[in-house]
Amino acid sequence: MMSEIFTVTFITGLIAATLRMSTPIILATLGEIITERSGVLNLGIEGTMVFGAALGFLTTLATGNLWLGVFVAALGGIVLSLLMAVLAVYMGLSQHVSGLGITIFASGLAMFIYRLVVGSPIVPPVITPFTPVAIPLLFRIPILGGSFFTQYSLTYITWALIPLVSIFLFKTRAGLRVRTIGQNPFAADTVGVNVNLTRTLCLAAGGAFFGVAGAFLTLAHQNMFLIDVIGGRGWIAIAMTIFGNWNPVMGAVGALMFGFLDAFQLRMQTLGVDLPFHIFLMIPYLITILALISVSRKATVPAGLLRPYRREEKG
Amino acid sequence: MEGRILEKQAVIEMRGVTKRFVDVIANDKVDLKLFPNEVVGLLGENGAGKTTLMNVLFGYYNLDGGEMLIGGEKVSFSSPKDAINHGIAMIHQHFTLVQTQTVLENVMIGMEGSFFLNYKKAKEKLLGIEKEFGFHLDPDAVVWTLSIGEQQKLEILKALYRDAKILIMDEPTAVLAPTETIELFETLHNLVKSGHSIIFISHHLQEVMDICDRVVVLRNGKRVAETEVSETTIPELASLMVGRELLERLDKGKSKTGEVILEAKDLRVKNNRGITAVDGLSFVLKEGEVLGVAGVSGNGQTELSEMLFGEVKPEEGEIYISGKKVPGGSLSSVIKESMARIPEDRIKTGLFMDLSVKENMILESHVKEPISKNGLINIKEIRSFADNCIKSFSVKTDGMDAPVKSLSGGNLQKVILARELVGDPKLVVACQPTRGLDVGAMEYVHQAMLNQKESGAGVLLISDDLDEIFLLSDRIIVMYEGKIMGEVSAEEADRDKIGLWMSGVTS
């Protein structure tokens, strides 16, 4: 068995699968980090991803255009996040309740729209998914070429977004405002920054990320929509946000770790080890919990997280 | 003085400003003028409407009536941004700083300029302002590492960075040590000289006399007086503010000391940042005396009280109550020894804001007979207990079933006093018992402390208000960086020496 693990094909495949499987989680984690940095926990993430997966799939099914599918998925994510903004930012309702409500609503809505369009055929319809794009020259590098540089376009974009989100948060005017609002909305308000509008924009940006993350699963990773297509990846992104201490790079590292464990357990299943496959399915989640326990003690939560902001109408 | 007012154009003029909240009028047709190079004191008790009036001026609240003129022109503000654009800055009592960000980031927010942050340019501008006005703050220091005084300077820098000409300061000295206050006043003098105007909110009469040119007194939302400082006296201002004559001095009476009731031996503990907060502290408190623990806040007083209250376990050292060693960090054994505990933060640790008055009153006695018997509580006993508490401490409330959060600050403190003092404890530990209270409520709390002493209890009074320490204490110790800088009896104590001790100077 050991010899099987260390073949070049195995390692190349494992690395490639790790990058592939971590893509939606990295995207969702980046979206959640932007949102939470502004002080809003968006638990609508899981449902928004399901919604994005369904919209993206159906758009492509109807038009045959994959990028249009991605675009519509992003729009769908934005719409749901604006709903979250109305509830949790402008009405000041509990972020937990609003977010969970949106997840339940959006998951149901996704299935509803899917059924409206395709009905319930015995064999679910499929699309022609994205194919990996080999980057010229680089893909020839042994091992690395076949793994790092033969990926989906969405994966490359996701990797580019990690430094971009970092630069946005730490090097731009808007980023400073977002971070300040997440820590002390009152401080931002007293210097003339519009707290609720900024939070809404952050939610919208996060929603677009969630939508695309969901669409990746139906347009690249698989070629069909199933209701459990997201399979808790949204919740994992929430965990990775904490694991990464609200830092995009660290969050991506966490997402990568989960992607690796997920890819690894799939391979272990096929190696024919005599254990129920459920055990392998559990591994990534179990290790994520253990990692969270060790890291989250030191986490510095944005001080304004979970607190709706309104000017006190009292002396 | 009169001449100046006649010839100069007011930088701010508020005419008949009215602000209503749901059922109360917070400001009722208030007039206020501010002239260039002037410090105006805005004086009043808590709830008199000072902060509300300033929040209206700062654009944080909308105006319900009246008008405001800046430099002679009528303005209407819908958010602080409008006020900032008119050169107004407000330094709130609770700082509007982001603790996890640097000085520079806190200054830049809202004034960043280009899309990408230009830290270098911002730093140059900040250092230029610091040089001009004599500040020495490291732009790269993270805010939580700064002292309260430094954080306040940062707030002033924020205002200057925005080129504000009018500074509203909401009780700026409430958190400062005497030496820091002197520094602040120097800064304010410099600002006024360089063309700024300042509105100084306070209920500290001496400070108003020291720093202000003119004073406006608010009471119940109305402007009740306006006078040049040179034409008034402290007692006059006090009675204008409260609306009645105040007892000028409490009679603290003689101390008849008895047995040692509380002893702390070599206490040592770290704060939640891992820095040693209390560093080998020992003292003895006897029955029938008030021992004042003076010091600038943040020098270990909070941690000391937490150890005494049994909230935090000392890393070293022992605590004895009536000669009996109390296990560290055990709340229940402290309650068993009947220590009356008046915590520093009545809202966070003293009370459950959503529970009713009566429930808050039985927090410590709910497991004891007669309120509780065989694991069941007796509602009738609770009602009579609470009724007795409300009457003997004259708590103003809509009833014992009203949620505690509907009470005013002074009445919140009375609920705590009632709960802690009703069984005539032998030992009272009070931490900042009058912080944020107005003059009337303060007087009540002080009297309650002295009554306890009179009836033979030992009272440990931890306070950063030096007036309070002098008013009540029989003996004074001064804490600085977790150590005791000195001890002196009340008769021999003088303010200058204690002030030096509070700043860490031994002479």
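For region B:388-420, filtering for residues that are over 23 Å from the mean Cα position of the chain (by Cα), of a type outside the set (S, T, N, Q) and part of a helix (DSSP H, G or I) leaves 3. With the checklist (1) over 27 Å from B:His204 (Cβ atoms); (2) more than 14 Å from chain A (Cβ to nearest Cβ); (3) loosely packed, with under 15 Cβ neighbours inside 10 Å; (4) not small (Gly, Ala, Ser) in hand, flag the one item B:Asp31 doesn't pass. Condition (1) is where B:Asp31 drops out.
Of everything in region A:89-128 that is crowded, with 19+ Cβ neighbours inside 10 Å and under 23 Å from A:Gly69 (Cα atoms), the residue that is nearest to the chain's Cα centre (by Cα) is A:Thr103.
Output the number of residues of region B:124-151 satisfying the condition of being in a helix (DSSP H, G or I), under 30 Å from B:Val296 (Cβ atoms), away from chain A (no Cβ under 14 Å) and not β-branched (Val, Ile, Thr).
Just the residues of region B:124-151 that are in a helix (DSSP H, G or I), to begin with: B:124-133, B:143-145, B:148-151.
This time we only want the ones that are under 30 Å from B:Val296 (Cβ atoms), so: B:126-127, B:129-133, B:143-145, B:148-151.
Then keep just the ones that are away from chain A (no Cβ under 14 Å); that gives B:126-127, B:129-133, B:145, B:148-150.
Pick out the ones that are also not β-branched (Val, Ile, Thr) and you get B:126-127, B:130-133, B:149-150.
Of the residues in region B:124-151, 8 are in a helix (DSSP H, G or I), under 30 Å from B:Val296 (Cβ atoms), away from chain A (no Cβ under 14 Å) and not β-branched (Val, Ile, Thr).
Could we say that B:Asn190 is within 14 Å of chain A (Cβ to nearest Cβ) and either farther than 30 Å from B:Leu237 by Cβ or touching a residue at least 12 places away in the same chain (Cβ under 8 Å) (or both) here? Even if it seems obvious, please write down each step before you answer.
Numbers: within 14 Å of chain A (Cβ to nearest Cβ): no; either farther than 30 Å from B:Leu237 by Cβ or touching a residue at least 12 places away in the same chain (Cβ under 8 Å) (or both): yes.
Taking the combined requirement at face value, the residue does not satisfy it.
Answer yes or no as to whether A:Phe186 is part of a helix (DSSP H, G or I), surrounded by 16 or more Cβ atoms within 10 Å (Cβ to Cβ) and among the aromatic types (Phe, Trp, Tyr). Talk me through it step by step, then tell me what you get.
On the way: part of a helix (DSSP H, G or I): yes; surrounded by 16 or more Cβ atoms within 10 Å (Cβ to Cβ): yes; among the aromatic types (Phe, Trp, Tyr): yes.
So A:Phe186 passes the test.
Which members of region A:155-184 meet the condition of being more than 14 Å from chain B (Cβ to nearest Cβ) and out of contact with any Pro (no Cβ under 9 Å at 6 or more places or on another chain)? Passing the criteria: A:Tyr156, A:Ile157, A:Trp159, A:Ala160. Name the single residue, out of those in region B:78-92 being assigned to a loop (DSSP other than H, G, I, E, B) and more than 20 Å from B:Leu137 (Cα to Cα), that is nearest to the other protein chains (Cβ to nearest Cβ). Selected residue: B:Ser79.
Within region B:97-123, the set of residues being within 7 Å of chain A (Cβ to nearest Cβ) and not in a loop (DSSP other than H, G, I, E, B) comprises B:Glu105, B:Met108, B:Phe116. Of the residues A:Thr155, A:Thr128, the single one that is over 30 Å from A:Val195 (Cβ atoms) and in a helix (DSSP H, G or I) is A:Thr155. With respect to B:Leu461, is the statement that it is at pLDDT 90 or above and either part of a strand (DSSP E or B) or in the same structural domain as B:Lys270 (by TED's automatic domain parsing) (or both) true? For B:Leu461, the condition - at pLDDT 90 or above and either part of a strand (DSSP E or B) or in the same structural domain as B:Lys270 (by TED's automatic domain parsing) (or both) - is met. A:Ala106 falls short on exactly one of the conditions (1) part of a helix (DSSP H, G or I); (2) within 14 Å of A:Phe225 (Cα to Cα), and that condition is (2).
Given the residues A:Asn247, A:Asn223, which is the only one that is away from every other protein chain (no Cβ under 14 Å), within 23 Å of the chain's Cα centre (by Cα) and of a type in the set (S, T, N, Q)?
Details: A:Asn247 fails: away from every other protein chain (no Cβ under 14 Å).
It is A:Asn223.
Among the residues of region B:45-77, how many are within 13 Å of B:Glu171 (Cβ to Cβ) and either more than 11 Å from every other protein chain (Cβ to nearest Cβ) or not in a loop (DSSP other than H, G, I, E, B) (or both)? Going through region B:45-77 one residue at a time, the tally reaches 4.
What are the residues in region B:29-44 that are assigned to a loop (DSSP other than H, G, I, E, B) and either without any contact (Cβ under 8 Å) to a residue 24 or more places away in the chain or closer than 18 Å to B:Thr18 by Cα (or both), if any?
If we filter region B:29-44 for residues that are assigned to a loop (DSSP other than H, G, I, E, B), which is where we start, we get B:35-38, B:44.
Within region B:29-44, just B:Gly44 meets the criteria.
Checking the stated criteria, B:Lys453 turns out not to satisfy the condition of being closer than 21 Å to B:Glu306 by Cβ and not assigned by TED's automatic domain parsing to the domain that holds B:Ala177.
The values are calculated or read from the model by the stated rules, or taken from the named source; none is laboratory data. A quick note: this is a predicted structure, and the numbers were derived from the prediction, not measured. Because the Cβ atoms are built from the backbone with ideal geometry, glycine has one as well, and the counts that use them run over all protein chains shown.
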